[in-house]
Amino acid sequence: MNRHVTAEQIFGEVSARMPGVSLPTVYATLDLLEEFGLARRVPSEGGAVVYDPRADDHHHLVCRRCGAIADLDAPVDAPLVAAARDAGFSPDASHVVVRGLCADCAAA
Ligand SMILES: [Zn+2]
Ligand SMILES: [Zn+2]
């Protein structure tokens, strides 16, 4: 599954099937999934927190016009990690967000 959704979108779908579920419950559940490594947060255009059910290492392409988020499979950039270490930082994992225009927006 390649879906990147906000907590509000998940809440909308869950509450349609399970009336009575609250938004804080959805947030708490997502925090738990993230803690267990079953989901991850992706910073999106506009600041909304987007959740990604794909927990293995991958990067993201974020379109600044339509907000589309796509997975990007590429090796972790070694020079990037080396630069982070040179800055005295100990990176756990690197996650690169490439911003720009998606193919549809670039063609428009
Ligand atoms: Zn776009
Ligand atoms: Zn993803």
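How big is the convex hull of the Cα atoms of the chain, per residue, in Å³?
In the chain, the Cα convex hull volume per residue is 135 Å³.
Among DSSP beta bridges lying fully in the chain, give the percent that are antiparallel, nearest 5.
For the chain, the DSSP antiparallel bridge percentage is about 70.
What is the ratio of the Cα radius of gyration of region 58-108 to 2.2 N^0.38 Å, where N is its residue count, to two decimals?
Normalised by 2.2 N^0.38 Å, the Cα Rg of region 58-108 equals 1.40.
Heavy-atom accessible area per residue, the chain, 1.4 Å probe: how many Å²? Let's see the in-between values first.
Numbers: 7060 Å² over 108 residues.
With the other protein chains kept in place, the chain gives 65 Å² per residue.
How high is the relative contact order of the chain, in percent, with contacts defined as C-alpha pairs under 8 Å that are six or more residues apart?
23
Give me the dipole magnitude in Debye, nearest 20, for region 10-70 about the Cα centre, with unit charges on the beta carbon: positive for Lys and Arg, negative for Asp and Glu.
Rounded to the nearest 20 debye, it is 260 debye.
Determine the share of the chain's accessible area contributed by carbon and sulfur atoms, expressed in whole percent, with a 1.4 angstrom probe.
On the way: 4120 of 7060 Å².
Accessible surface attributable to carbon and sulfur in the chain totals 58 percent.
Using Cβ-Cβ distances only, list the Cys residues of the chain with no partner cysteine under 4.7 Å, sorted by number.
Unpaired cysteines in the chain: Cys66, Cys105.
The values are calculated or read from the model by the stated rules, or taken from the named source; none is laboratory data. All values derive from a computational prediction rather than experimental measurement. All Cβ positions, even for glycine, are placed from backbone atoms using ideal geometry, and neighbour counts span all protein chains on display. Heavy atoms of the whole protein, side chains included, go into the accessibility calculation; ligands, DNA and RNA do not. Shrake-Rupley method; radii C 1.70, N 1.55, O 1.52, S 1.80 Å.
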